[in-house]
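Undergrad: Here's a structure for you.
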Amino acid sequence: MKTAFLSSGMALAFAAFSSFSISDAYSKLLAGQLDPFEVAFSGGVFGFLIIPFIRRPSESYADIFSPRQPVMWLVRAVSIFAATAASVEAFMLLPMPEALSLMFLMPLFVTILSVILLHEKVSGWAWLAVILGFVGVLIVLRPGVRALHFGHLCALIAAVANAVGVIAYRLAGSNTPRLSLFGSSLFGPLVGDGALMLAHAHWPHGARTWLFLFGYGFLAALGQLFMMMATARAPANRVALPQYSQMLWAVAFSYFLFHQPLDGWTFVGITVVTCSGMLNWVRQRIRYERMAMKERRAAKLRARTLPGSTRG
């Protein structure tokens, strides 16, 4: 893979996670102004603006409404609905780094579900990385020392729901149109959050509120677009690395925008969580480098054994 091509994939991944982080900050800015379900519903509405940029020439807009695998489409829609509603509530109730530290437990749940449902083999290094991340979250939360409340539960639900969405994406297979997959991530919040917001919804007032709603929904969808483009240009293990830049955004927003500085233990826990992700990335990089070396050696061996090849 060419270096420039790989660099463009990494740049798009950074842009994706930056969009997600700013979107999360907009949802937190809406705390106390709108019901969390209404915010998540609005995100689905504004997310439709991205669909023309996601659609491939070979895909029809009807793919949004007619999934090839209805069960996996429904599972993904429900999981994205739960994840968006829970994450909006978590960001409204918790400091952003604290909410993200819990949401970064998603790899742990993905690993567990992939073993149970996909029967994938997981190495000891992978388990070490997810356990280290779990220890980091425990340091952040310090259960028994500080009180846990509904915001922590919402962040945990978001992590589990996102993990279910990842597994559903894998089970859907590579032949599923990406417009169908993206459609499930929009209709889940639209239907689920739309139903739950009816009891408390009210029309947003003021240009500032509308700007925050638009920023939340559009940037979340834009991040999905960037991520799809990134995965087409770089290996998955490289694309996943910039996810931890979200923590830098969260710390900066928490300190400068929301005036919620971190205490020492929280900083230590966040560092451990980030190191767990780096460990997993390093493991994947070593694995891919070894595979690439084996392929190069095999290619050289085949070239030497071809008829008419010169011996050095």
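The values are calculated or read from the model by the stated rules, or taken from the named source; none is laboratory data. Being a predicted model, the structure only gives us computed values, none of them experimental. All Cβ positions, glycine included, derive from the backbone under ideal geometry; neighbour counts span all protein chains shown.
Undergrad: What is the one condition in (1) buried (at least 22 other Cβ atoms within 10 Å of the Cβ); (2) at pLDDT below 80 that Ala4 does not satisfy?
TA: Exception for Ala4: condition (1).
Undergrad: Ok, one more. Any chance you could count how many residues in segment 93-106 are crowded, with 21+ Cβ neighbours inside 10 Å and outside any loop (DSSP other than H, G, I, E, B)? Walk me through how you get there before you give the answer.
TA: Let us first name the residues in segment 93-106 that are crowded, with 21+ Cβ neighbours inside 10 Å, namely 94-106.
In the following step, the residues that additionally are outside any loop (DSSP other than H, G, I, E, B) were identified as 96-103, 106.
Residues flagged as crowded, with 21+ Cβ neighbours inside 10 Å and outside any loop (DSSP other than H, G, I, E, B) within segment 93-106 amount to 9.
Undergrad: Looking at the structure I just gave you, is Leu49 under 21 Å from Gly188 (Cβ atoms), at pLDDT 85 or above and not charged (D, E, K, R)? Show your work before the answer.
TA: Details: under 21 Å from Gly188 (Cβ atoms): yes; at pLDDT 85 or above: no; not charged (D, E, K, R): yes.
No; evaluated as a whole, the condition is false for this residue.
Undergrad: Is there any pair linking a residue in segment 1-19 that is over 29 Å from Phe212 (Cα atoms) to one that is modelled with pLDDT under 75 and assigned to a helix (DSSP H, G or I), with Cβ under 7 Å and at least six apart or on different chains, and which?
TA: Short answer, once both residue conditions are applied: Leu6/Arg238.
Yes or no, residue by residue, for (1) closer than 15 Å to Phe182 by Cβ; (2) modelled with pLDDT under 85; (3) among the aromatic types (Phe, Trp, Tyr):
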| position | (1), (2), (3) |
| --- | --- |
| Met10 | no, yes, no |
| Lys28 | no, no, no |
| Ala40 | no, no, no |
| Phe81 | yes, no, yes |
| Thr84 | yes, no, no |
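Undergrad: Taking the criterion of being modelled with pLDDT of 75 or more, surrounded by fewer than 21 Cβ atoms within 10 Å (Cβ to Cβ) and in a helix (DSSP H, G or I), would at least one residue in segment 235-242 satisfy it?
TA: Taking segment 235-242 as the starting set, the residues that turn out to be modelled with pLDDT of 75 or more are none.
There is no residue in segment 235-242 that is modelled with pLDDT of 75 or more, surrounded by fewer than 21 Cβ atoms within 10 Å (Cβ to Cβ) and in a helix (DSSP H, G or I).
Conditions (1) within 24 Å of Leu257 (Cβ to Cβ); (2) polar (S, T, N, Q); (3) part of a loop (DSSP other than H, G, I, E, B), marked per residue:
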{"position": "Ala77", "(1), (2), (3)": "no, no, no"}
{"position": "Ala85", "(1), (2), (3)": "yes, no, no"}
{"position": "Thr111", "(1), (2), (3)": "no, yes, no"}
{"position": "Ala163", "(1), (2), (3)": "no, no, no"}
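Undergrad: So Ala126 clears everything in (1) aliphatic (A, V, I, L, M); (2) closer than 16 Å to Gly277 by Cβ; (3) modelled with pLDDT of 80 or more; (4) surrounded by fewer than 22 Cβ atoms within 10 Å (Cβ to Cβ) except one condition, right? Which one?
TA: (3)
Undergrad: Does Ala15 satisfy the criteria of being under 23 Å from Ala83 (Cα atoms), crowded, with 23+ Cβ neighbours inside 10 Å, modelled with pLDDT of 85 or more and of a type in the set (A, V, I, L, M, F, W, C)? Step through it out loud before you land on a result.
TA: Details: under 23 Å from Ala83 (Cα atoms): yes; crowded, with 23+ Cβ neighbours inside 10 Å: no; modelled with pLDDT of 85 or more: yes; of a type in the set (A, V, I, L, M, F, W, C): yes.
Answer is no for this residue.
Undergrad: Among the residues of segment 181-198, are any modelled with pLDDT of 80 or more, surrounded by 18 or more Cβ atoms within 10 Å (Cβ to Cβ) and not in a helix (DSSP H, G or I)?
TA: yes
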